[in-house]
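Quick notes on the structure that follows.
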Amino acid sequence: MTRYLVLWHRSAAWPTDPAEKSKIIQKTGSAIDNAIKKGKIKEHGHFLDGNSGYTIWETEGIEIFRNLIMTSPYYEYEIHEMIPFEKSRGIVKEVFKVSAKAAKK
């Protein structure tokens, strides 16, 4: 299964009304809890600023899209597909090996 690192932060559209903030936080928290229970979110946390954080997903990209679109426009996201070291190591070795051979010619 593909892993994704999602960096998130609250957008300028974040409401100022405390009741509205509470609704958004509850809705988002419920969605995160549900995805954790289903095994789709492996880790979720906040950064020290209190307005941003990260989520590590292990699922299909469409599932992430389905979940994140529900929080628009209140959050903005940066999404990165993660390649495990075990897989990337072999690719990197091969690329450098080919580059070294090409440089010798």
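Within segment 41-56, can one find any residue that is within 15 Å of Arg3 (Cβ to Cβ) and touching a helix residue (DSSP H, G or I) at 6+ places or on another chain (Cβ under 6 Å)?
yes
Here's the yes/no breakdown for (1) in contact (Cβ under 8 Å) with a residue 40 or more places away in the chain; (2) exposed (fewer than 12 other Cβ atoms within 10 Å of the Cβ):
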| position | (1), (2) |
| --- | --- |
| Ser22 | no, yes |
| Ala35 | no, no |
| Gly39 | no, yes |
| Gly61 | yes, no |
| Thr71 | yes, no |
| Lys93 | no, yes |
| Ala100 | no, yes |
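With the condition kept exactly as written, say whether any residue in segment 22-30 is assigned to a loop (DSSP other than H, G, I, E, B), in contact with a strand residue (DSSP E or B) (Cβ under 9 Å, 6 or more places away or on another chain) and at negative phi.
Taking every residue of segment 22-30 in turn, none turns out to be assigned to a loop (DSSP other than H, G, I, E, B), in contact with a strand residue (DSSP E or B) (Cβ under 9 Å, 6 or more places away or on another chain) and at negative phi.
Can you pull out the residues in segment 66-76 that are of a type in the set (Phe, Trp, Tyr) and under 11 Å from Val6 (Cβ atoms)?
Tyr75
Could you tell me whether Ala35 is closer than 24 Å to Met1 by Cβ, at pLDDT below 95 and either touching a helix residue (DSSP H, G or I) at 6+ places or on another chain (Cβ under 8 Å) or not β-branched (Val, Ile, Thr) (or both)?
No: the conditions fail for Ala35.
Return the residues of segment 64-85 that are under 15 Å from Lys38 (Cβ atoms) and touching a helix residue (DSSP H, G or I) at 6+ places or on another chain (Cβ under 8 Å); say none if nothing qualifies.
Of everything in segment 64-85, just one residue is under 15 Å from Lys38 (Cβ atoms) and touching a helix residue (DSSP H, G or I) at 6+ places or on another chain (Cβ under 8 Å), namely Asn67.
Within segment 8-17, is there a residue that is touching a strand residue (DSSP E or B) at 6+ places or on another chain (Cβ under 7 Å), surrounded by fewer than 15 Cβ atoms within 10 Å (Cβ to Cβ), modelled with pLDDT of 95 or more and assigned to a strand (DSSP E or B)?
yes
The values are calculated or read from the model by the stated rules, or taken from the named source; none is laboratory data. On a predicted model such as this, the values are computed, not experimentally measured, just so you know. So basically every Cβ, Gly included, is an ideal-geometry build from the backbone, and we count neighbours across all protein chains shown.
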